[in-house]
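What follows is one structure encoded as structure tokens, with my remarks underneath.
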Amino acid sequence: MCNLKSVSINEKEQLFLDGEEITNVTAYRLESSAGEPAKLVVEMLVNVNQVGSGLQR
């Protein structure tokens, strides 16, 4: 299995991945099933510099 990040959500509903705050979040959904890793879906505001052929993974 891959190296998963740890998520925490405080009382102000700020999200943190491995202790690092995720900023500009407009909505999120956390789905969890017993015995399996949870799934975090995040909507956030971002600037788009480039889309398409210039991106490499």
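The values are calculated or read from the model by the stated rules, or taken from the named source; none is laboratory data. The structure displayed is predicted, hence computed values, not measured ones. A quick note on method: Cβ atoms are made from the backbone with ideal geometry, for glycine too, and the neighbour counts reach across all protein chains shown. Ligands, DNA and RNA are excluded from the accessible area calculation, which covers all protein heavy atoms including side chains. Shrake-Rupley method; radii C 1.70, N 1.55, O 1.52, S 1.80 Å.
Tell me, what ³J(HN,Hα) does each residue in region 6-18 have, in order and in whole Hz, if you take phi through Karplus 6.51 cos²θ - 1.76 cosθ + 1.60 with θ = phi - 60° and put x for Gly and Pro?
Working through the residues one at a time gives 9, 10, 9, 10, 8, 5, 8, 6, 7, 9, 10, 10, 6 Hz.
Determine the principal axes of the Cα atoms in region 11-57, then give the extent along each, sorted from largest to smallest and rounded to whole angstroms.
40, 26, 19
Could you give the accessible area per residue of the chain, probe 1.4 Å, as a whole number in Å²?
Values: 5340 Å² over 57 residues.
Accessible area per residue, the chain: 94 Å².
With the full set of protein chains in place, find how many percent of the accessible area of the chain is carbon and sulfur; take the probe as 1.4 Å.
Details: 2450 of 5340 Å².
That share works out to 46 percent.
If I model a spin label at Asn10 and Ser33 as a point 7 Å from the Cα along the Cα→Cβ vector, what separation in nanometres do I get?
Taking the simple label geometry, Asn10 and Ser33 are separated by 3.3 nm.
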